[in-house]
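As structure tokens, the structure follows; a few thoughts come after it.
The values are calculated or read from the model by the stated rules, or taken from the named source; none is laboratory data. Predicted, not measured: the structure shown is a model, and the values here were computed from it. FYI the Cβ positions are ideal-geometry reconstructions off the backbone, even for glycines, and counts take in every protein chain you see.
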Amino acid sequence: MTAAAAAPGGGALLEPAGTQVSLAIKTLGLTRRFGSHVAVNDVALEVPRGAIYGFLGPNGSGKTTTIRMLLGLMNPHAGSVEILGGAMPARSGDVLSRVGTLVEGPAFHPYLSGTENLRRLDEFDATTDPRTSKERVAAALERVGLTAAAKKNYRRYSLGMKQRLGIAAALLRPRDLLILDEPTNGLDPQGTREVRNLVRELAADGATVLVSSHLLAEIEQVATHVGIMSAGRLLRQGSLAEVLQVVHAHLRIETTEPDAAARVLTNLGLAVSEQAPGYVMSSMNDLPADQINASLVNAGVPVHGLRVERAALEDFFVQLTGEGFDVVR
């Protein structure tokens, strides 16, 4: 019998040694209905191992329903789920000990301190050594910046502190996969930056992180991959660069002769979208910027600056879904 390979977060991979595993999460045809309403419709998620996957979608898009099915908290009406190579929910006993989660907000005992709440959670984990529980709890609290509030009762925590404690609970032991639903909810800008840095650190340590968030600018700063949901369907997914590549780039040319520049651009088959004293904006089609620049210079047009501008993730999201960025679960 072939031995199982060691997993980064402890435990064993479910795949035989020598098998290259590229996906931490894989779904095929994932579908869930509520009465006649199809909340999740034929979704095929592919979350690469080691990725920071930003899971985005407008209100009612099916993100949280999808996450609940990933974790075996809700059964799909059709389709399949694999987490870390194990079919869910059949292999949940093997898989879930290697998955840390923060889903639909943390729930703790209000009259216990942060430390006491985490100690109770740690006691329920049969895979950990009770002799080292104190050290694990202290390390988790320190990692999310709650050491100073460790002895304070949970009911006295702010919303942001409650979110931090929820993340700490997910970090009580090393994890191969973290699924975080709106982890920066209620955090101030400093707290949001700290969570963003924490997500990067977790990925650098070898974990895969799926982050559901409505803060598109934050996701763009941290994510390596994104998936965009709307009306129960997965509209786009892939690396951030791949997803944004479909957004047409525009070229801003700074020149003292915008009329002459516009003529050259039109002759190249490019659409001039904006023209004003000092600059011209145009489409690029598939022409490289250096070729456009050479054409301008050869035509005697002075070019003082040239910059390629692409739409941000927020702009692409609105373009794709027709929604503003009041994006919730």
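Collect the residues in the range 73-109 that are of a type in the set (G, A, S) and at pLDDT below 90, keeping them in residue-number order.
Narrowing the range 73-109 to residues of a type in the set (G, A, S): 78-80, 85-87, 90, 92-93, 97, 100, 105, 107.
Of everything in the range 73-109, those that are of a type in the set (G, A, S) and at pLDDT below 90 turn out to be A90, S92, G93, S97, G105, A107.
Could you tell me whether any residue of the range 170-193 is more than 24 Å from N117 (Cα to Cα), among the aliphatic types (A, V, I, L, M), modelled with pLDDT under 95 and in contact with an Asp or Glu (Cβ under 9 Å, 6 or more places away or on another chain)?
If we filter the range 170-193 for residues that are more than 24 Å from N117 (Cα to Cα), which is where we start, we get 189-190, 193.
Next, from what is left, pick out any that are among the aliphatic types (A, V, I, L, M): none.
Scanning the range 170-193, I find no residue that is more than 24 Å from N117 (Cα to Cα), among the aliphatic types (A, V, I, L, M), modelled with pLDDT under 95 and in contact with an Asp or Glu (Cβ under 9 Å, 6 or more places away or on another chain), so the answer is no.
L202 - would you say it is within 26 Å of L23 (Cα to Cα), among the hydrophobic types (A, V, I, L, M, F, W, C) and in a helix (DSSP H, G or I)?
On the way: within 26 Å of L23 (Cα to Cα): yes; among the hydrophobic types (A, V, I, L, M, F, W, C): yes; in a helix (DSSP H, G or I): yes.
Spelling it out, L202 is indeed within 26 Å of L23 (Cα to Cα), among the hydrophobic types (A, V, I, L, M, F, W, C) and in a helix (DSSP H, G or I).
When only residues in the range 132-161 that are assigned to a helix (DSSP H, G or I) and at pLDDT below 90 count, which is surrounded by the fewest Cβ atoms within 10 Å (Cβ to Cβ)?
Among those that are assigned to a helix (DSSP H, G or I) and at pLDDT below 90, it is L159.
Take L244 and decide whether it is free of Cβ contacts under 8 Å to residues at least 60 places away in the same chain, on the phi < 0 side of the Ramachandran plot and in a helix (DSSP H, G or I).
Numbers: free of Cβ contacts under 8 Å to residues at least 60 places away in the same chain: no; on the phi < 0 side of the Ramachandran plot: yes; in a helix (DSSP H, G or I): yes.
So L244 fails the test.
Can you tell which of A294, A312 is at pLDDT 85 or above, surrounded by 11 or more Cβ atoms within 10 Å (Cβ to Cβ) and not acidic (D, E)? First the steps, then the outcome.
Values: A312 fails: at pLDDT 85 or above.
Result of the check over A294, A312: A294.
Residue pairs, Cβ under 7 Å, 6 or more apart or interchain, first in the range 68-87 and more than 14 Å from T101 (Cβ to Cβ), second polar (S, T, N, Q) and crowded, with 19+ Cβ neighbours inside 10 Å. List them.
G79/T27; S80/T27; V81/T27
Kindly indicate which of G145, G186, G191, G166 is in contact (Cβ under 8 Å) with a residue 60 or more places away in the chain, farther than 20 Å from T224 by Cβ and in the same structural domain as I67 (by TED's automatic domain parsing). Working first, answer last.
Numbers: G145 fails: in contact (Cβ under 8 Å) with a residue 60 or more places away in the chain; G186 fails: in contact (Cβ under 8 Å) with a residue 60 or more places away in the chain; G191 fails: in contact (Cβ under 8 Å) with a residue 60 or more places away in the chain.
Just one listed residue meets the conditions, G166.
Of the residues in the range 74-103, how many are outside any strand (DSSP E or B) and surrounded by fewer than 15 Cβ atoms within 10 Å (Cβ to Cβ)? First the steps, then the outcome.
Narrowing the range 74-103 to residues outside any strand (DSSP E or B): 74-77, 84-85, 89-98, 103.
Next, only the ones that are surrounded by fewer than 15 Cβ atoms within 10 Å (Cβ to Cβ) stay: 75, 77, 90, 93.
Count: 4.
Could you check how many residues of the range 29-64 are part of a loop (DSSP other than H, G, I, E, B) and touching a helix residue (DSSP H, G or I) at 6+ places or on another chain (Cβ under 9 Å)?
Initial filter on the range 29-64 (part of a loop (DSSP other than H, G, I, E, B)): 35-36, 44-45, 49-51, 57-62.
Narrowing the set further to residues that are touching a helix residue (DSSP H, G or I) at 6+ places or on another chain (Cβ under 9 Å) leaves 45, 50-51, 57-58, 61.
So the count comes out to 6.
If I filter the range 168-179 for residues that are outside any loop (DSSP other than H, G, I, E, B) and either surrounded by fewer than 21 Cβ atoms within 10 Å (Cβ to Cβ) or touching a Cys at 6+ places or on another chain (Cβ under 6 Å) (or both), do I get at least one hit? Walk me through it before giving the result.
Going residue by residue through the range 168-179, those that are outside any loop (DSSP other than H, G, I, E, B) are 168-170, 177-179.
Narrowing the set further to residues that are either surrounded by fewer than 21 Cβ atoms within 10 Å (Cβ to Cβ) or touching a Cys at 6+ places or on another chain (Cβ under 6 Å) (or both) leaves none.
The answer is no; no qualifying residue exists.
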